[in-house]
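The values are calculated or read from the model by the stated rules, or taken from the named source; none is laboratory data. Just so it is clear, the model here is predicted, and its values are computed rather than measured. Cβ sites come from the backbone with ideal geometry, for glycine too, and all protein chains shown count toward neighbours. Surface areas here come from the heavy atoms of the whole protein model, side chains and all, with no ligands, DNA or RNA. Shrake-Rupley method; radii C 1.70, N 1.55, O 1.52, S 1.80 Å.
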Amino acid sequence: MSYSFEYIDIILLAMIAGFIFLRLRGILGKKTGFEGKISPKFEKEFQKINIAPKQVSENFDEASQKEFLKGAKIAYETIITDFSDSDNQLIASKPLLGKKIYDQFKEALEDRASKGHFAEITFIGIKSAAIKTHKKIEDSLEVTVDFVSEIITCIKDKDKKIVSGDIGKIKTVYDTWVFSKDIQSSNPNWLLIDTNT
């Protein structure tokens with residue numbers, strides 16, 4: 001008699017499990033991911049959606065200029081400290097440099113290394129950064145920025161004797177840098193393409 005109750009329990013549990021399985025299948029479905037074609041109705045809607053990468057505004061309005069200057073200040077400090085550190089290599093600033101400037105900086109660092117010299121810098125801060133000009137040239141936007149910064153810098157030889165500069169003197173530096181951005185590109189980085197010190 002007890003065996004019949006066990007069979008009934010098993011059958012009831014199997015029916016409950018089957019019911020739960022069918023409910024989950026009905027709610028969640030049985031396919032993983034999209035495996036069919038988009039219906040013509042939805043396809044027309046998808047074509048209306050513009051998924052092009054965000055581009056730099058050609059107008060370069062006041063809001064764009066403020067946003068640009070924030071990034072330009074960070075790029076300026078990154079490039080200055082990377083160029084002036086003791087390893088004589090461009091690492092942190094490499095993605096921010098156009099080919100011409102990268103080659104010039106690399107050549108200067110190789111010359112410094114060949115003499116057994118290295119730099120020591122303390123970046124005090126940027127006193128001011130102002131956009132001097134901005135213009136569209138074909139598919140690029142070029143922005144010229146005047147920087148005024150304060151740094152302590154000196155060049156030392158392999159014996160750590162100072163060759164140039166003064167480790168105890170804050171120097172005011174005036175730089176004019178030109179940044180460029182391909183307005184058709186989805187790459188957010190501006191590149192430094194020219195400098196005037």
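Using a Cα-Cα cut-off of under 13 Å, which aspartates and glutamates could be cross-linked to residue 169, ignoring same-chain neighbours fewer than 8 residues away?
120, 150
Separation between the residue 171 and residue 66 pseudo-spin-labels, each 7 Å from Cα along Cα→Cβ, expressed in nm?
3.5
For the pairs 73/156; 66/161; 158/181; 94/115; 106/181; 132/160, flag any whose C-alpha to C-alpha distance is greater than 32 Å.
The pairs that break the limit, which is 32 Å between Cα atoms, are 66/161; 158/181; 132/160.
What dipole magnitude, in Debye to the nearest 20, does the stretch 53-141 give about its Cα centre under +1 on Lys/Arg Cβ and -1 on Asp/Glu Cβ?
200
Starting from the Cα-Cα distance between residue 87 and residue 158, subtract it from 0.36 nm times their residue separation and give me the gain in nm to one decimal. All intermediate terms of the calculation are to be shown ahead of the outcome.
On the way: separation 71, 0.36 × 71 = 25.56 nm, distance 1.23 nm.
Stretched out fully, the residue 87 to residue 158 stretch lengthens by 24.3 nm.
Keeping all protein chains in place, calculate the accessible area per residue for the stretch 81-197 (probe 1.4 angstrom), answer in Å².
That works out to 58 Å² for each residue.
What percent do you get for the relative contact order of the stretch 62-152 when only Cα pairs under 8 Å and 6+ apart count? Let's see the in-between values first.
On the way: 99 pairs, mean separation 22.8, N = 91.
Relative contact order for the stretch 62-152 comes out at 25 percent.
In nm, give the distance between the simple-model label positions of residue 183 and residue 19, each being 7 Å from the Cα along the Cα-to-Cβ direction.
6.7
Which is farthest toward the positive dipole end of the stretch 65-156 among 71, 93, 83, measuring Cα position about the Cα centre, with Cβ charges +1 (Lys, Arg) and -1 (Asp, Glu)?
71
Please work out the C-alpha center-to-center distance from the stretch 119-197 to the stretch 56-118 and express it in whole Å.
Comparing the Cα centres of the stretch 119-197 and the stretch 56-118, I get a distance of 7 Å.
Report the gain in length on full extension from residue 138 to residue 108: 0.36 nm times residue separation, minus Cα-Cα distance, nm rounded to one decimal.
Roughly 7.7 nm would be gained on extension.
Counting only protein heavy atoms and a 1.4 Å probe, tell me what percentage of the stretch 57-197's accessible area is made up of carbon and sulfur.
The computed percentage sits at 48.
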